[in-house]
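Peer 1: What follows is a structure written as structure tokens; I'll ask about it next.
The values are calculated or read from the model by the stated rules, or taken from the named source; none is laboratory data. Predicted model, so just to flag it, every value in this text is computed and none were measured. Neighbour counts run over all protein chains shown; Cβ positions are idealised from the backbone, glycine included. Each accessible area value is taken on the protein alone, full model and side chains, heavy atoms only, with ligands, DNA and RNA left out. Shrake-Rupley method; radii C 1.70, N 1.55, O 1.52, S 1.80 Å.
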Amino acid sequence: MIIPSFSSRLPAALTPNRIAEAVRRRRASGRGLIDLTVSNPTAAGFAYPEGLLAGLSDARNLAYEPEAAGMPAAREAVAAEMSSRGTAVAPGAIVLTASTSEAYGYLFKLLCDPGDEVLVPQPSYPLFEWLTRLESVTAVPYRLEYEGRWRVDAGSVAAGLTPRTRAVLAVNPNNPTGSYCTREDLAGLAAAAPGVPIIGDEVFWDFPLPAAPAGRASVLESGHPLVFALGGLSKSAALPQLKLGWIAIGGTPSNIAAAREKLELIADTYLSVSTPVQTSAASLIASGEAIRQQILERARRNLQALAALVARHPALNLLMAEGGWSAIVRVPAVTTEEDLVVALAEQDGVLVHPGYFFDFAHEAFLVVSLIVEPALFDEGVARLARRIA
């Protein structure tokens with residue numbers, strides 16, 4: 001028998017972890033499970049505008065006229081949306097993608113050769129491990145430190161630099177810490193990694209919580225010689241199923257032109273963005289305002305409810321969140337995060353994320369979603385508090 005040889009970029013075995021097994025057992029038992037990790041807005045009970053998808057049946061969608069960087073009208077709609085939030089960008093500096101994950105893939109192809117390195121924040125989104133690995137790029141961590149609010153540790157950025165560093169990633173606001181980059185943070189990144197392009201993942205930009213800093217800034221406002229700001233319908237309009245993301249290029253005019261030309265070649269190789277979502281882009285982006293308002297109201301309401309609960313339980317500590325859909329609760333490290341999360345799932349019927357999923361520097365932290373329906377959220381965090389008590 002011939003045994004196939006698979007890429008070393010993939011794990012040798014794919015087996016469920018203890019938490020996944022605990023969730024499976026709880027559900028198989030027929031008992032309920034409150035999922036406090038929900039990140040899919042279409043499964044969170046929001047009311048979408050009637051007729052939202054009507055544009056997808058436009059007769060123009062029967063014609064295939066591919067544009068490598070995306071249809072001009074769709075790029076104009078993205079540029080107008082970004083400008084409306086105070087971030088000026090020209091349509092010619094935008095490249096459309098099918099998702100933010102694909103945007104990362106394009107940018108790693110643009111900036112890196114196999115074996116090159118990119119600096120990624122920790123704690124942050126765990127997908128970076130696979131986005132880099134699948135492109136044969138090495139992710140080198142730099143730290144975010146909590147000092148009343150999360151801040152970039154510029155010293156760890158400088159320490160991570162090598163001759164093979166090709167980009168610095170900044171999630172703005174970060175997931176799950178909810179911390180925005182301020183102008184000071186961006187200046188610190190630029191000073192610690194002079195001349196290295198900055199990739200700013202700004203998918204949660206439109207979801208400021210009450211603690212959002214007045215000085216929050218897009219990477220496009222950094223004055224850095226080459227930056228990329230990522231966004232998409234997945235978060236801004238709560239439409240992950242429609243698969244439309246974008247890369248906005250900033251920096252010096254010559255750098256923007258050179259990056260746009262090469263990104264267009266990469267995009268032309270895949271042509272992954274569908275015609276219907278591009279012809280509907282303007283209306284879909286416009287619809288995002290109504291959905292965002294619902295999400296913002298719920299996230300703020302749930303965060304306030306969580307803060308009130310934590311105030312009644314001295315063993316719990318709620319870390320400051322400035323934006324996004326997540327909150328972090330520090331708990332006593334009397335057992336491992338994994339043991340605690342397994343117990344919560346199996347015995348209390350509540351699913352939360354352990355901090356180690358996001359590469360927190362130490363234990364013990366739990367991460368919960370702020371877009372869970374309020375009644376479920378309140379019951380879920382109450383069970384969590386009882387378990388800790």
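Peer 1: List the residues whose amide H sits under 5 Å from the amide H of residue 175, counting only those 5 or more places along or on another chain, with H placed 1.01 Å from N in the peptide plane.
Peer 2: 125
Peer 1: Go through region 213-224 residue by residue and turn each phi into a ³J(HN,Hα) via Karplus (6.51, -1.76, 1.60, θ = phi - 60°); whole Hz please, and just put x for glycine and proline.
Peer 2: With the stated coefficients, region 213-224 comes to x, 5, x, 4, 9, 6, 4, 5, 9, 7, x, 5 Hz.
Peer 1: Separate question: Using the basic label-point model (7 angstrom from Cα toward the beta carbon), what is the residue 101 to residue 297 distance in nanometres?
Peer 2: 3.2 nm
Peer 1: When only Cα pairs under 8 Å and 6 or more residues apart are kept, what is the percent relative contact order across region 67-164?
Peer 2: 20 percent
Peer 1: Also, I was wondering about something else. Rounded to whole Hz and in sequence order, give me ³J(HN,Hα) for region 306-313 from the Karplus expression 6.51 cos²θ - 1.76 cosθ + 1.60, θ = phi - 60°, writing x for Gly and Pro.
Peer 2: 5, 4, 5, 5, 4, 4, 8, 10
Peer 1: For helix 100-111, report the angle its Cα long axis makes with the longest principal axis of the Cα atoms of the chain; keep it between 0 and 90° and round to the nearest 10°.
Peer 2: With both axes taken from Cα atoms, the answer is about 50 degrees.
Peer 1: Points 7 angstrom from Cα along the Cβ direction at residue 5 and residue 375: gap in nanometres?
Peer 2: 5.8 nm
Peer 1: Follow-up. What does the C-alpha gyration tensor say about the overall shape of region 279-355? Classify as rounded when a/c is under 1.5, otherwise prolate if a/b is larger than b/c, or oblate.
Peer 2: prolate
Peer 1: Between the helical axis of 183-192 and the dominant principal axis of the chain, each derived from Cα atoms, what acute angle in degrees is found, rounded to the nearest 10?
Peer 2: Taking the Cα atoms of the chain, the angle to 183-192 is about 70 degrees.
Peer 1: With +1 on the Cβ of every Lys and Arg and -1 on the Cβ of every Asp and Glu, and nothing else charged, how large is the dipole of region 109-230 about its Cα centre, in debye rounded to the nearest 20?
Peer 2: 60 debye
Peer 1: Once the other residues with Cβ under 13 Å from the Cβ of residue 334 are scored (Lys, Arg +1; Asp, Glu -1), what is the net sum?
Peer 2: Here the count lands on -1.
Peer 1: Compute, for residue 265, the solvent-accessible surface of its heavy atoms (probe 1.4 Å) with the complete set of protein chains present, and express it in square angstrom to the nearest 10.
Peer 2: Surface open to solvent at residue 265 totals about 120 Å².
Peer 1: What's the angle, to the nearest 10 degrees (0 to 90), between helix 72-84's Cα axis and the longest principal axis of the chain?
Peer 2: It is inclined by approximately 50 degrees.
Peer 1: What is the list of residues in region 1-35 whose amide nitrogen lies under 16 Å from a point 7 angstrom out from the Cα of residue 139, following Cα to Cβ?
Peer 2: Only 9-11 pass the distance filter.
Peer 1: Right, here's the next one. Go through 307, 294, 80 and say which Cα lies farthest out towards the positive end of the charge dipole of the chain; charges sit on Cβ, +1 for Lys and Arg, -1 for Asp and Glu.
Peer 2: 307
Peer 1: So, in nm, how far is label residue 85 from label residue 191 when the simple model puts each one 7 Å beyond its Cα toward the Cβ?
Peer 2: Rounded to a tenth, the inter-label distance reads 2.7 nm.
Peer 1: What are the ³J(HN,Hα) values, in whole Hz, obtained from phi via the Karplus relation 6.51 cos²θ - 1.76 cosθ + 1.60 with θ = phi - 60°, for each residue of region 51-57 in sequence order, with x given for Gly and Pro?
Peer 2: Ordered by residue, 3J(HN,Hα) equals x, 4, 9, 4, x, 5, 9 Hz.
Peer 1: While we're here: Shape verdict for region 162-284, please, from the Cα gyration tensor: rounded (a/c under 1.5), prolate (a/b greater than b/c) or oblate.
Peer 2: It is oblate, given that a/c is not under 1.5 and a/b is not larger than b/c.
Peer 1: Say a site is exposed when it is one of the trypsin sites (Lys or Arg not before Pro), sits in a DSSP loop, and has at most 13 other Cβ atoms within 10 Å; what is then the longest site-free stretch of the chain?
Peer 2: Formally, the longest exposed-site-free interval is 86-311.
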